[in-house]
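The values are calculated or read from the model by the stated rules, or taken from the named source; none is laboratory data. Quick caveat, the model's predicted, so the values are computed rather than measured. Cβ atoms come from the backbone with ideal geometry, glycine included; neighbour counts cover every protein chain shown.
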Amino acid sequence: MSFSSHLKSLAQRYENQIFNEVDIQTQVYLETDSEELKLDIYQPKNDEMENRPILLFVHGGGFAGGARDEYAIMEFCKNMARRGIVAVSMSYTLSMKGQSFGCNQAAENKMNTFKQAGLEISKATVHLLNQAKELKIDPSKIVLTGSSAGAEAVLHAAFWPEANTPLPDNFQFGGLISMAGAIYDLDLINKKTAIPMQFFHGTCDNLVPYGTAPHHYCNESDIGYLLLHGAGSIVEKLEELNKGYYLVTGCNDNHSWSGKPFFSFRSEIADFVYHDVVLQKLRQHHQVIKEFDSCQLVDAPDICLD
């Protein structure tokens, strides 16, 4: 097979659901004092390919709820596996269970929550790295993927050194997909640390800002005041660094973008995995979805006004 034919075959693998059956295996990746933290591994049945990319998915729920085996997550992971992408959905400690994660939760506690979730994501990553050969995955193509609180967690796991100490020296994730997520410090993303990233975010998200704004739009006098940087601001930083990104902007839309990609943007996610992670193409792609006419929360980006 020629190189061009190989690439065409590889593209079809990710573009289409070429496998009919999916194997699901549950493993314990970490035992804490109070619980066993588990992950579910979704693999295409009878797949002969080696060095496959892998999505490590972290669910949302305000660090107080949510589960790795929710219906939408399971269907998303099965779809990715049928395309030839190994998908993993993990549990983590719900440290805010029974508590608010809004303006009445101290900013320090929010930061500690990001850190704890990041450390557990790092430990789950090490667990997968230790069986990379058996799982037939490429350690350089692990793509962190998260929704809402899970997106905040993966961004900090990828870039905040305090949240990724369990990872091997010089390890770097192959990519990251954020569904309505944000990071506390843009300077954590620089020429050395930047990786291919895909973002889904609504410009009128009143919980996790699309640009740079307080978490939950808290007042500066609130104990929960914490400035965060969402997809719009991160992409501006990546443009300054001349690094790749794939941004899907929901003009004047809300936090529902934390869940829309599960069903509506599967092909775009597979496209990102193939072109940006597997082929390592540097792209700066921005897709704009205009669904609503106005938003009183924030000033709309210029691209939403055209």
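The helices (runs of 4 or more DSSP H) located wholly in the range 184-288 that include 1 or more residues which are free of Cβ contacts under 8 Å to residues at least 12 places away in the same chain and of a type outside the set (F, W, Y) occupy 231-240, 261-264.
Residues that are of a type outside the set (D, E), without any contact (Cβ under 8 Å) to a residue 40 or more places away in the chain and assigned to a loop (DSSP other than H, G, I, E, B) within the range 161-170 comprise just one, N170.
Taken together, the residues in the range 206-231 that are at pLDDT 95 or above and within 22 Å of S264 (Cα to Cα) amount to 6.
Screening Y42 on (1) touching a helix residue (DSSP H, G or I) at 6+ places or on another chain (Cβ under 9 Å); (2) closer than 23 Å to Q12 by Cα; (3) free of Cβ contacts under 8 Å to residues at least 40 places away in the same chain shows it passes everything except condition (3).
Against the definition (of a type outside the set (A, V, I, L, M, F, W, C), in contact with a Ser or Thr (Cβ under 6 Å, 6 or more places away or on another chain) and under 30 Å from S221 (Cα atoms)), how does G102 come out, yes or no? Judged against the criteria, G102 is not a match. Within the range 127-140, residues that are among the polar types (S, T, N, Q) sit with their Cβ atoms under 6 Å from residues that are not in a helix (DSSP H, G or I), at 6+ positions apart or across chains, in these pairs: S140/G174. In summary, I73 fulfils each of the numbered conditions (1) in a strand (DSSP E or B); (2) in contact with a Ser or Thr (Cβ under 7 Å, 6 or more places away or on another chain); (3) in contact (Cβ under 8 Å) with a residue 60 or more places away in the chain with the single exception of condition (1).
The single residue among F171, F101 that is among the aromatic types (F, W, Y), farther than 26 Å from D205 by Cβ and surrounded by fewer than 24 Cβ atoms within 10 Å (Cβ to Cβ) turns out to be F171. In this structure, does Y92 turn out to be in a loop (DSSP other than H, G, I, E, B), touching a strand residue (DSSP E or B) at 6+ places or on another chain (Cβ under 7 Å) and touching a residue at least 40 places away in the same chain (Cβ under 8 Å)? Judged against the criteria, Y92 is a match.
The residues listed here are E162, E152; of these, the one that is more than 30 Å from M49 (Cα to Cα) and crowded, with 17+ Cβ neighbours inside 10 Å is E152.
The residues of the range 133-150 that are assigned to a helix (DSSP H, G or I) and either basic (K, R) or more than 18 Å from S89 (Cβ to Cβ) (or both), listed by number, are K133, E134. Of the listed requirements (1) out of contact with any Cys (no Cβ under 8 Å at 6 or more places or on another chain); (2) more than 17 Å from V22 (Cα to Cα); (3) crowded, with 18+ Cβ neighbours inside 10 Å, A64 misses just one: (3).
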